[in-house]
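J.: Sharing a structure with you now.
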Amino acid sequence: MSARIIGTGSCLPSLVVDNRKLEEIVDTTDEWIRSRTGIESRHIAVEETTTSMAIAAAQAALEDAGISAGQLDLILVGTISGDCVFPATACQVQSALGAERAVAFDISAACAGFLFGLGIVDAYMKAGRIRTALVIGAETLSKMMDWKDRSTCVLFGDGAGAAVLREEEQGILSILQASDGQKGDALICENRRVNNPYRENSNELDYTKMNGQEVYRFAVRTVPQSIEKALDEAGVGADEIKYFVLHQANIRILEAVAKRLGQPFEKFPTNLQKCGNISAGSVPVLLDEINRAGKLQRGDKIVLAGFGAGLTCGTAVLTW
Ligand code: COA
């Protein structure tokens, strides 16, 4: 038996900020952002929160799956931008849904958070501990950006995506997770420093800092390797894959991965143009778009892959 995705959902903030609007607050241009990343606009939370979007995405996914919250055994939220330090966003979602039976906790794996969630579901199902699970990727990274730092703030957007999984004959065929803590400094947000009356310089806050080129190199090397390994483990050829649903950080990264895999770029759906990088939300939001557009048929084989801070990388091959 394996974990099969039986429903998806997503939620994006109503405010859309295009590149030209960013030109008003930071020293950048629409041309630079488009040509270096492919991003044209992003959704930014004003009234929405990480939790409210996670709940909305979860409700849409449950409806799409045709199951009730009471059937859920596990709720996982991949997030690095929860509204509270505690309780976990997943517990807040559990409460809002009324999913009383479900165990709920968050996963801190940045942009690979949704994939790491799928990895946990896969393992729990194989161990016979659960039959039905909800995995969410939800972020409001806008609150962790230095809006004066043009090298980071133009890249990210807010939003949430969710998937319901159930134990079935066909589903996840292989799933890989990898972490490289040695490269942790390449993408870091240190805003939880030691802070108490006995320490000088308490209350210092910091924002997201990134060595873009290092992350770029990691992505174009690690992601294709990970996909090839996951395909190998699944016994599936790249040509059999209908879609490669990859983390939406930069269109040049996606093009490089397609090239390395020798696959046509048409197999790599994108929404980064309108959403930017939603971190853990990227893959499930894009998956929901494809699903709702009717582009997936039962039995299709797809690849999901996320990568980001940690550095982390998660890849899954699955039958729809
Ligand atoms: N607008 C205008 N100019 C900008 C800019 C912006 N928003 N951001 C950076 N620049 C400038 C830099 O200051 C630099 O100027 P200089 O040459 O005068 O010093 C120049 O553009 C080139 O910067 P560089 O960082 O070398 O650009 P790049 O081609 O590497 O592209 C990224 C930068 C961030 C788009 C690219 O490295 C990238 O996508 N990396 C991966 C990041 C990622 O995926 N992160 C998330 C992982 S989950």
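J.: With a cut-off of 8 Å between alpha carbons and a minimum separation of six or more residues, what is the relative contact order of the range 88-143 in percent? Can you show the working numbers first?
T.: Working: 27 pairs, mean separation 14.1, N = 56.
That works out to 25 percent.
J.: Right, next: Which order do the peptides 7-18, 252-263 take when ranked by the mean count of other beta-carbon atoms within 10 Å per residue, highest first?
T.: Answer by packing, highest mean first, reads 7-18, 252-263.
J.: Per residue, how much accessible surface does the range 12-64 expose to a 1.4 Å probe? Answer in Å², no decimals.
T.: 51
J.: Let me ask you something else. Taking 8 Å as the Cα distance limit and 6 or more residues as the minimum spacing, I'd like the relative contact order of the chain as a percentage.
T.: In percent, rounded to a whole number, it is 26.
J.: Rounded, prolate or oblate: which one fits the range 212-273, using the alpha carbon gyration tensor with axes a ≥ b ≥ c (rounded when a/c is under 1.5, else prolate when a/b beats b/c, else oblate)?
T.: Oblate shape, in that a/c is at least 1.5 and b/c is the bigger or equal ratio.
J.: Then there is this: In whole Å, what is the distance between the alpha-carbon centres of the range 243-310 and the range 99-126?
T.: Their Cα centres are 20 Å away from one another.
J.: If you count only protein heavy atoms with a 1.4 Å probe, what accessible area per residue comes out for the range 92-186, rounded to a whole Å²?
T.: Working: 3800 Å² over 95 residues.
That works out to 40 Å² for each residue.
J.: Long-range amide H contacts for residue 73: which residues qualify at under 5 Å (H placed 1.01 Å from N, peptide plane, sequence gap of 5 or more or a different chain)?
T.: Excluding prolines and chain starts, which carry no amide H, the hits are 131, 132, 133.
J.: Hey, can you rank 90-100, 167-177 by average C-beta count inside 10 Å, highest first?
T.: Ranked by mean Cβ neighbours within 10 Å, highest first: 90-100, 167-177.
J.: Round to a whole number: what % of the accessible area of the range 164-219 belongs to carbon and sulfur, probe 1.4 Å? Could you put the intermediate results ahead of the total?
T.: Values: 1630 of 3880 Å².
For the range 164-219, the apolar C and S fraction of the accessible surface comes to 42 percent.
J.: Considering amide H positions built from the backbone, and no H for Pro or chain starts, which residues 5 or more places from residue 38, or on another chain, come under 5 Å of its amide H?
T.: Here the answer is 251, since their amide H atoms fall under 5 Å of that of residue 38.
J.: Ok, one more. Could you tally the net charge around residue 81, taking each other residue with its Cβ under 11 Å from the Cβ of residue 81, Lys/Arg +1 and Asp/Glu -1?
T.: -3
J.: If packing is taken as the average number of other Cβ atoms within 10 Å across a peptide's residues, how do 287-294, 75-82, 185-192, 271-278 rank, most packed first? Show your work: numbers first, answer last.
T.: Details: 287-294: 17.1, 75-82: 27.6, 185-192: 15.5, 271-278: 23.6.
Packing order, densest peptide first, comes out as 75-82, 271-278, 287-294, 185-192.
The values are calculated or read from the model by the stated rules, or taken from the named source; none is laboratory data. Keep in mind that this is a model prediction, so the values were computed, not measured. So basically every Cβ, Gly included, is an ideal-geometry build from the backbone, and we count neighbours across all protein chains shown. Just the protein is used for accessible areas: all its heavy atoms, side chains included, with ligands, DNA and RNA removed. Shrake-Rupley method; radii C 1.70, N 1.55, O 1.52, S 1.80 Å.
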